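Encoded as structure tokens, the structure appears first; notes follow it.
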Amino acid sequence: MIALNSPVKPNLKKLYKLLEQVNSNGWFTNLGPMHKELTGRLEDYLGVKNLLLTNNGTSALQVAGRAIGSQSIISTPFSFVATVSAFKWQQDKVAFADIDPYSLNLCPQAVKTAYRKGCKADTLVATHVYGNPCDVTAIDELSEQNNFQIIYDAAHAFGVKINNQSILNYGDASTLSFHATKVFHTVEGGAIVFKDRVNYEKAEEIINFGIRPGQGVVNVGINAKMNEYQAAVGLVNLEEIDNILNHRAELFYAYRQGLKDIVTLPTWHPESNVNGAYMPIILEDKQQLERIIQTLDANNIQNRHYFSPSLDKIFVDSHNYGTPNSLRVSEGILCLPMHAHLSLDEVNHVVNIIKQLTLR
Ligand SMILES: *Cc1c(COP(=O)(O)O)cnc(C)c1O
């Protein structure tokens, strides 16, 4: 069987050494030495400042929203459910605007139209879906014209840059997920990168019950801290990250080269590197999708129909500015196997199986 995904397994010898240190310190959580080390290493590696570790990527979204003071969001219907449910959970109002049919990211023109039609959302939440950067320049411009803040869900975009600048440096906050299935992981975990130090400091209190050291409780908070065992896994995995990113990019290009004349592929941001987080293909309709799934299943090749359904079909009480592209794409989207342990031979095998189908 060729697995859809397979978590990076941390080097146990290295991990054991770090865990021995944790045990001998007796400092298991609450911003200990491993946490501090991982924060610094990630800031260096990613080229960012104001990075705050969290216990997962969903809490990262929630804490980012609280820290910048969001109450109503405009968002993409084409993402993992957490992008939107994180804000629904804290009673934010939600509005949906459509995606661009080529990049599959939130469409700036659709956002512009929504505001022209009276949208009052104070915050835009957009996903760099599959690690493909949003049109951050156009979104920045709209943010100035319409006075909204920006949170990017960058759960798929670890290591992604445009023009050699980390994609995490756009927007007021960007969130990462370090779940086991992601490009870089700490088993469960996440992070927020803030543009402004004040928001970082607010979030630092929020993830620790609203406590400011020396002053007691100054804010309504929650517990969203990353612990020392998780941070140790992160430190070990970070040592492998360049190899992993290179390997994933190689697989990604091999897939794209092999499939470009057979199925529709999302259009990538022209100034971006790729991190090979996912391998999405777009089929014309449900029939074509079912044919390909049947064939892949019969050949023991795992695949997943995501992201589907379009999130406006789940959150039906949200304001909807029309999402025809998202509704159509979510019917025909399919992700092929993509992970650090996948080989180039396996990718070529999957490509050949799909080629035999003569979809076009
Ligand atoms: C994985 C993911 C999340 C949630 O992250 P967790 O760490 O699993 O909580 C949020 N948004 C997107 C787009 C994701 O893919």
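The values are calculated or read from the model by the stated rules, or taken from the named source; none is laboratory data. In this text the structure is predicted, and so the values were computed from the model without any measurement. Quick reminder, even Gly has a Cβ in these numbers, built from the backbone with ideal geometry, and neighbours come from all protein chains shown. Note: accessible area is taken over every heavy atom of the protein model, side chains too, but ligands, DNA and RNA are not part of it. Shrake-Rupley method; radii C 1.70, N 1.55, O 1.52, S 1.80 Å.
Observations
- Rounded to the nearest 20 debye, dipole of the chain from Cβ charges on Lys, Arg, Asp, Glu: 280
- Within the range 229-280, trypsin sites (Lys or Arg not before Pro) in DSSP loop having at most 15 other beta-carbon neighbours inside 10 Å: Lys260
- Accessible-area composition of the chain, carbon plus sulfur, in percent [1.4 Å probe]: 49
- Loop-resident sites, the range 1-73, for trypsin sites (Lys or Arg not before Pro), counting at most 14 other Cβ within 10 Å (DSSP): Lys49
- Rounded to the nearest 5, the antiparallel percentage of DSSP beta bridges internal to the chain is 55%.
- Based on C-alpha pairs under 8 angstrom that are at least 6 apart in sequence, the range 241-358 has a relative contact order of 38 percent.
- In the chain, Cα pairs under 8 Å separated by at least six residues give a relative contact order of 25 percent.
- Gyration tensor over alpha-carbon atoms, the range 86-227, equivalent ellipsoid semi-axes in Å: 27, 20, 14
- Rounded accessible area of Arg328 (nearest 10 Å², 1.4 Å probe): 130
- Cut-off 11 Å (backbone N to label point 7 Å along Cα→Cβ of Tyr253), residues of the range 260-291: 274
- In loop segments of the range 217-315 as defined by DSSP, the GluC sites (Glu not before Pro) with at most 14 further C-beta atoms inside 10 Å of their C-beta are Glu239, Glu271, Glu284.
- Here the extension length gained between Asp345 and Lys120 equals 75.9 nm, from 0.36 nm per residue of separation less the Cα-Cα distance.
- Å² of accessible area per residue within the chain, as computed with a 1.4 Å probe and no ligands counted: 44
- Rounded to the nearest 20 debye, the dipole magnitude of the range 241-358 is 120 debye, with +1 charges on Lys and Arg beta carbons, -1 on Asp and Glu beta carbons, and the Cα centre as origin.
- Residue-averaged [θ]222 nm for the chain, counting only DSSP H segments that reach four residues, each worth -39500 (n - 2.57): -12500 deg cm²/dmol
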